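Structure record follows, encoded as structure tokens.
The values are calculated or read from the model by the stated rules, or taken from the named source; none is laboratory data. These figures come from a predicted structure and were not determined experimentally. Counting neighbours? That spans all protein chains shown, and the Cβs are built from the backbone with ideal geometry, glycine included. Surface areas here come from the heavy atoms of the whole protein model, side chains and all, with no ligands, DNA or RNA. Shrake-Rupley method; radii C 1.70, N 1.55, O 1.52, S 1.80 Å.
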Amino acid sequence: QVQLVESGGGLVQPGGSLRLSCAASGFTFTRLTMSWYRQAPGKERELVAAITSAGGSRDYADSVKGRFTISRDDAKNTVYLQMNSLKPEDTAVYYCKARFISTFWGQGTQVTVSS
């Protein structure tokens, strides 16, 4: 059973930056494809960024390309989402997802972009 714990959310002004972290346990981390999703009020959950095992491939939603960067540290069993040039429309609960045959979700962390 994979357990995921997100951290790093908060309130930031437009144009600011945040780095989200997701620590995984209970499974061999290097086997996991890791993703970040977000869900804004009244909207469906959407993929933000994904990174395959060993970091061989990364994928981003068009809305965050050039602003967000996903990375992983296999030694720390952690995946990160560096978010720069944040916009009010980035406001959402951000979820970490792990996948290897089965899918596991974290509890989410709130990101609010507002002046």
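Listing for the model above:
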| read-out | value |
| --- | --- |
| Per residue value of the accessible surface for the chain (all protein chains in place, 1.4 Å probe), Å² | 52 Å² |
| Summed residue charge, Cβ within 12 Å of Ala98's Cβ, Lys/Arg positive, Asp/Glu negative | +3 |
| Karplus (6.51, -1.76, 1.60) ³J(HN,Hα), θ = phi - 60°, over region 46-58, in Hz, Gly and Pro reported as x | 10, 6, 9, 7, 9, 9, 7, 4, 6, x, x, 8, 10 |
| Loop trypsin sites (Lys or Arg not before Pro), region 49-88, which have at most 11 other Cβ atoms in a 10 Å radius of their Cβ (DSSP) | Lys65 |
| Pairwise centroid distance, computed over Cα atoms, of region 96-115 with region 8-52, Å | 5 Å |
| Amide hydrogen neighbours beyond the local backbone of Gly108, cut-off 5 Å, H modeled | Glu6, Cys96 |
| Share of carbon and sulfur in the accessible heavy-atom surface of the chain [1.4 Å probe, %] | 46 percent |
| Relative contact order, percent, the chain [alpha-carbon distance under 8 Å, six or more residues apart] | 37 percent |
